[in-house]
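Undergrad: Here it is, the structure in full.
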Amino acid sequence: MLTENVKTKSGSKSEVSTAFKWFHGSSLNGGVMLISATVASYYGVFMTDTVKIPAAAASIIMLIASLWDAINDPIMGTIADRTHTKFGRYRPYFTIFPVLMAIVGVLLFWNPTGLSTNQKIIYVAVTYIAYGMLYTILTMPHMAVLPAVTQDNDTRNQVIAMGAGFCALSFTIASTFTTQMVDFFGGSYIPLMAIYGVLGVIAFWGLFATSKERYLQPVEKRPIMHDLKKLFKHKQLYPIMLVWCLASMGYGLMFASSVYYVMYYLARPDLIALYMGIVSIGALVSMVVLMPIVLKIFKTGQKALIVTQGLTFICYGIAFFFGKNLIVLYVTSFLATAIGAMSNALVNVLVNDTIDFIQLEEGVSLNGTISAIKGFAQKCGTTVVNSGILALLAASGYIAGAIGQQPESTLITLNCIRFGIPAIICVIIVICLKYYPLEKYYPAIEEMKAKMKANEQK
């Protein structure tokens with residue numbers, strides 16, 4: 001039996017409603033992403049400047065939280081795959097946990113005055129780790145539910161593209177306008193985070209109401225490691241997992257390196273706002289406008305990534321050699337971001353391919369486990385970016401605050417971080433996907449999907 005206690009109306013033209021597409025796109029990538037983007041951009045400063053905990057303690061908290069967050073992704077994925085309730089396998093996570101995320105989002109930005117420094121450190125550590133765990137709890141089922149709801153690749157791609165658009169819009173709003181909105185609320189983040197939390201709850205509850213898990217294997221009682229063994233024994237999946245990590249690195253470098261590049265490589269801190277605006281608009285265009293077009297043209301995530309990464313490589317190469325010219329820098333940076341930023345979302349198509357492949361080869365649904373491994377790979381990429389930039393700068397002789405006085409080794413390093421390393425990442429991604437290991441399985445996968453759909457309609 002390939003389906004799990006789900007009945008659908010016969011003769012329906014589509015397996016998913018428009019409401020499902022909107023709620024899937026706006027849940028994790030809407031309100032919750034607004035919280036996440038605010039945390040990513042401003043929480044470090046909030047810890048040190050508002051809560052007044054030492055920077056060293058803040059860095060240790062974030063390191064510990066990141067390590068635990070990466071570890072618990074696969075754990076959460078396997079737990080989700082073993083969930084069995086009257087509401088389904090993944091849908092139950094869309095009820096109470098968005099509410100908890102809304103509460104923790106507010107608590108994150110509450111300044112616990114009256115506590116000692118050590119007590120503040122404990123408070124921040126607990127709330128920040130809780131935030132990371134809740135984000136994982138919501139992310140894994142959110143990714144896993146899509147292939148459980150529909151087997152149609154075009155529909156999946158539409159939903160992924162819509163989510164990418166919401167993600168880009170949310171990130172742009174949070175990273176660009178948070179300061180102004182906090183000022184509007186009298187210098188407090190709490191009303192803003194409450195609004196974001198409510199938006200996330202509404203969207204996730206809508207996703208719960210509109211999703212129907214049709215394509216699932218019955219839940220089996222088996223050790224967690226059993227699922228991981230089933231996944232990792234297929235060596236053809238290793239290049240795909242590497243792509244998941246590299247795409248996250250490339251996306252992260254677009255933003256994390258830009259301020260350093262403009263401030264120290266160009267020695268033009270007055271251009272930071274303009275340049276970040278160019279990059280942010282490029283990312284927005286990439287997700288909202290270009291990604292749906294690219295998926296429609298190329299149909300598969302493999303082909304879309306090969307083409308977009310190839311074009312992005314060209315832009316990075318030009319900027320690497322001629323970036324001192326501001327016109328060249330602005331144009332190539334915009335084009336590179338507009339074309340390349342979608343890579344971090346396009347890899348979700350590869351996740352669906354992997355889920356289908358494991359279903360074909362192993363006869364089991366490992367949606368949550370695979371989604372978790374993808375999340376783990378992405379977080380590894382983010383960790384490398386966040387720590388790698390500072391490590392490379394330190395090794396180059398970087399002098400904090402020395403605008404126009406950095407050693408030549410630092411200038412070379414900055415150019416490599418901003419354009420050289422991302423260009424190399426593009427090449428590696430193309431190599432990994434040039435001979436896509438799952439492509440030869442497409443006919444068998446489509447046959448499997450047809451059988452599953454026929455069984456579901458009986």
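A short reminder: the numbers here are calculations on the coordinates, not readings from a lab. All values reported here derive from a predicted model rather than from experimental measurement. Glycine also receives a Cβ, built like all others from the backbone with ideal geometry; neighbour counts cover every protein chain displayed.
Undergrad: Here are some pairs, Lys374/Lys434; Lys374/Lys453; Lys233/Lys374; Lys296/Lys451; which of them have Cα atoms lying more than 22 Å apart in this structure?
TA: Lys374/Lys453; Lys296/Lys451
Undergrad: What does the charge count near Leu295 come to, summing +1 for each Lys or Arg and -1 for each Asp or Glu among other residues with Cβ under 15 Å from its Cβ?
TA: +2
Undergrad: Find out how many positive minus negative residues lie around Gly323, taking Lys and Arg as positive, Asp and Glu as negative, among other residues whose Cβ is under 14 Å from that of Gly323.
TA: Residues close to Gly323 contribute a combined charge of +3.
Undergrad: Can you show me the helix-derived [θ] at 222 nm for the chain, built from DSSP H runs with n ≥ 4 at -39,500 (n - 2.57) apiece and divided by the number of residues, rounded to the nearest 500. Numbers along the way, then the final one.
TA: Details: 18 runs with 324 residues, N = 458.
Helix-only estimate at 222 nm: -24000 deg cm²/dmol.
Undergrad: Could you compute the net charge surrounding Met241? Neighbours are other residues with a C-beta less than 14 Å from the C-beta of Met241; K and R count +1, D and E count -1.
TA: After counting each charged neighbour, the total is +2.
Undergrad: Under unit Cβ charges (Lys, Arg +1; Asp, Glu -1), what dipole magnitude, rounded to 20 debye, does the stretch 229-458 have relative to its Cα centre?
TA: Once rounded to the nearest 20, the dipole reads 420 debye.
Undergrad: Let me ask something additional. Work out which helices of the chain, taken as complete DSSP H runs, extend at least 15 Å along their axis over the Cα atoms and score a mean Kyte-Doolittle of 0.5 or more, then list them.
TA: Going by DSSP H runs, the hits are 32-45, 55-81, 96-108, 117-149, 190-210, 238-256, 272-285, 301-322, 326-340, 367-396, 421-434.
Undergrad: Taking the square root of 5 times each eigenvalue of the Cα gyration tensor, what semi-axes in Å does the equivalent ellipsoid of the chain have, largest first?
TA: 36, 27, 20
Undergrad: Against the globular-protein guess of 2.2 N^0.38 Å, express the Cα radius of gyration of the stretch 15-221 as a ratio, rounded to two decimals. Spell out each step's value before the answer.
TA: Working: Rg = 18.0 Å, N = 207, 2.2 N^0.38 = 16.7 Å.
Taking N as the residue count of the stretch 15-221, the ratio is 1.08.
Undergrad: Roughly how compact is the stretch 319-458, stated as its Cα Rg over 2.2 N^0.38 Å to two decimals?
TA: 1.49
Undergrad: For Lys440, list the aspartates and glutamates whose Cα falls under 20 Å from its own Cα; do not include residues on the same chain fewer than 8 positions away.
TA: Hits, sequence-local ones excluded: Asp152, Asp154, Asp353, Asp356, Glu361, Glu362.
Undergrad: With 10 angstrom as the radius, rank Leu63, Leu393, Leu246 by how many other C-beta atoms surround their C-beta, starting from the fewest. Could you put the intermediate results ahead of the total?
TA: Details: Leu63 13, Leu393 20, Leu246 24.
If I rank by nearby Cβ atoms, fewest first, I get Leu63, Leu393, Leu246.
Undergrad: Can you list which of the chymotrypsin sites (Phe, Trp or Tyr not before Pro) found in the stretch 132-219 are DSSP loop residues with at most 16 other C-beta atoms within 10 Å? Walk me through the numbers on the way to the answer.
TA: On the way: sites: Tyr135, Phe166, Phe171, Phe177, Phe184, Phe185, Tyr189, Tyr196, Phe204, Trp205, Phe208, Tyr215; in loops: Phe185, Tyr189, Tyr215.
Hits after loop and neighbour filter: Phe185.
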